[in-house]
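The values are calculated or read from the model by the stated rules, or taken from the named source; none is laboratory data. Quick caveat, the model's predicted, so the values are computed rather than measured. Here the Cβ is made from the backbone with ideal geometry for all residues, glycine too, and neighbour counts use every protein chain on show.
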Amino acid sequence: MNANYTVAVLGLGAMGLPMATRLASRLSVHGYDIAEPRLKLASAAGIATFGSARAAAQGADALLLAVRNGEQLNEVLFGDAGVAPVLARGSVVILTSTVGTEAIPATVERLAEYGVELVDAPLSGGPVRAGDGDLLIVVGATPSAREQAAPVLDLLASTLSIVGDNPGDGQALKTVNQLLCGVHIAAAAEALALADALGLDAAKTLSALEAGAAGSFMLSNRGPRILQAYADGGADVLSRLDIFVKDMGIVGKAARAAGLAAPVAAAAEQLYLLGQAQGLAAADDSAVIKVVAPARRHAG
């Protein structure tokens, strides 16, 4: 137990709360969320809760952030109620979100004015894995920043990949990762829609595909949820479809900036955009099958 190390977690939602709970098993954790029910859950988990983001961040050794995009990152740190002015010199901001590389340089420069470093650490894994400390985290940060963030990263990650010494390196690798994940989910949905159109038993088809060369992590992970997409309420939401609208947008922007054609990623992005337009934004990303095939043709 390292009670002398304090980490502030801003945002106690589906990922923030299990991460904060995991960290509270070894560290002193300050938490803040705009939703009172989340604060109550955090308090019950042994997390010290506060009435504002600034109060939670005051004096912390590390600030853990899970924001939606670069604009939200800038607002949380440097907006009218931003927390950067109250961060302790020598502390670090650990960014766990996928926001793309574009927002990173300005964030690093502005944090340096306060004597604070950015640890670029986008992660993969859902709420259950977050609570178990079983996340995949890719890190771009200076050696000194990584050392300062180590108590947090070591508790949250089962696989910790240091990809570079510069903030932005983590975002770059996560962008490549999301290209593959987004394409694989879309391809799995398209394949299972074709199986249904051909009159094949969906569950048997999925089992056969998993056992052969066509198998992949995403097929095994999303396949059962894809088959649940047509049920009332669809699959449990473990990863919202509009997350891939955002992430595939980041992929496309990065590819264009690099002068690289990415036609497969672009095609997958269009499926997620169509899903969002059809009201599936808040559904599990497995619901992308309903873009290809709005209804099942065969039962079973």
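How about segment 1-78: which helices (runs of 4 or more DSSP H) wholly inside it have at least 1 residues that are under 17 Å from residue 123 (Cα atoms) and out of contact with any helix residue (DSSP H, G or I) (no Cβ under 7 Å at 6 or more places or on another chain)?
Here the list reads 16-24, 70-78.
Select from segment 1-60 the residues that are of a type in the set (Asp, Glu) and surrounded by 18 or more Cβ atoms within 10 Å (Cβ to Cβ) and list them in ascending order.
Selection gives 33 alone.
Do any residues in segment 166-184 that are among the aliphatic types (A, V, I, L, M) have Cβ atoms under 7 Å from those of residues that are surrounded by 24 or more Cβ atoms within 10 Å (Cβ to Cβ) and assigned to a helix (DSSP H, G or I), where the two are at least six apart or on different chains, and which pairs are they?
Final answer for the pair search is 179/251; 183/268.
Output yes when any residue across segment 119-127 is over 18 Å from residue 93 (Cβ atoms), surrounded by fewer than 16 Cβ atoms within 10 Å (Cβ to Cβ) and assigned by TED's automatic domain parsing to the domain that holds residue 222, and no when none is.
no
Can you tell me which residues in segment 99-110 are surrounded by fewer than 21 Cβ atoms within 10 Å (Cβ to Cβ) and in contact with a Pro (Cβ under 7 Å, 6 or more places away or on another chain)? Can you show your working first?
Here is the first cut: in segment 99-110, the ones surrounded by fewer than 21 Cβ atoms within 10 Å (Cβ to Cβ) are 102-103, 105-106, 108-110.
The one that is surrounded by fewer than 21 Cβ atoms within 10 Å (Cβ to Cβ) and in contact with a Pro (Cβ under 7 Å, 6 or more places away or on another chain): 108.
What residue, of 52, 91, is hydroxyl-bearing (Ser, Thr, Tyr) and either closer than 22 Å to residue 137 by Cα or at pLDDT below 95 (or both)?
Exactly one of 52, 91 is hydroxyl-bearing (Ser, Thr, Tyr) and either closer than 22 Å to residue 137 by Cα or at pLDDT below 95 (or both), namely 91.
Would you please name the residue that is surrounded by the fewest Cβ atoms within 10 Å (Cβ to Cβ), looking only at residues in segment 234-286 that are more than 19 Å from residue 123 (Cβ to Cβ) and among the basic types (Lys, Arg)?
256
Condition first: of a type in the set (A, V, I, L, M, F, W, C), buried (at least 19 other Cβ atoms within 10 Å of the Cβ) and out of contact with any strand residue (DSSP E or B) (no Cβ under 7 Å at 6 or more places or on another chain). Can you find one or more residues in segment 135-145 that meet it?
no
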